[in-house]
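See below for the structure under consideration.
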Amino acid sequence: EQTEVLRWLASTCGTPSEVLPELETKLSGFVSQETLRRFANVLQALDNEEILRIDFSVVDDIHYYNGFVFKGFVRGIPESILSGGQYDKLMKKMHRTSGAIGFAVYTDLLSRLDAPNTGFDVDTVLLYSPEVSPKGQAVVLSHNTRIK
């Protein structure tokens, strides 16, 4: 039963209105109602159904973060430009009783938005005939090929 819940969580992604109704049903007996309420309150405070997605496959350093984690993406950049989460354990190591949430914005990645689109940059291109198994038919075209 726990394995099925974990599988469901790892494959669940969608808007808050798509995911939240299922959470209470799927996590009943595994997560307290208080935890679910707090999670719903965070999502409600963000209040942007158009761009917000819940994705339980997003993970980060579990030795650093102890609660939720988040990533921020911008169209046109294939990696997160924002990363953060809850790290109360770090505060306890510093002999503090308060909780902590923080994030980093990787502004260097934003410079890619102004870069001209010159096509896909690949190291190797493999071609094979669809009628024949790729196992024996792969041919390397070239190294560092730029495809337009």
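Data table
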quantity: Calculated from backbone phi, Karplus (6.51, -1.76, 1.60) coupling profile of the range 50-65 in Hz, x at Gly/Pro; calculated: 5, 10, 8, 10, 9, 9, 6, 7, 6, 10, 8, 4, 6, 7, 9, 8
quantity: Local net charge near ASN66, Cβ-Cβ under 15 Å (Lys/Arg +1, Asp/Glu -1); calculated: +2
quantity: Gain in span if fully extended, ARG38 to ARG7, counting 0.36 nm per residue against the direct Cα distance; calculated: 8.9 nm
quantity: Candidate aspartates and glutamates - alpha carbon under 20 Å from LYS71, same-chain residues fewer than 8 apart omitted; calculated: GLU18, ASP47, GLU49, GLU50, ASP55, ASP60, ASP61, GLU79, ASP88, ASP108
quantity: Cut-off under 5 Å, modelled amide H: who pairs with LEU27 long-range; calculated: none
quantity: The range 1-113 - percent of accessible surface contributed by carbon and sulfur, probe 1.4 Å; calculated: 54
quantity: Heavy atoms of ARG38 accessible to a 1.4 Å probe, total area in Å² rounded to 10; calculated: 140
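The values are calculated or read from the model by the stated rules, or taken from the named source; none is laboratory data. What you see is a predicted model, and the numbers here were worked out from it, not measured in a lab. Note: ideal-geometry Cβ built from the backbone for every residue, glycine included; neighbour counts use all protein chains shown. Remember, those area values only see protein heavy atoms, side chains included, never the ligands or the DNA or RNA. Shrake-Rupley method; radii C 1.70, N 1.55, O 1.52, S 1.80 Å.
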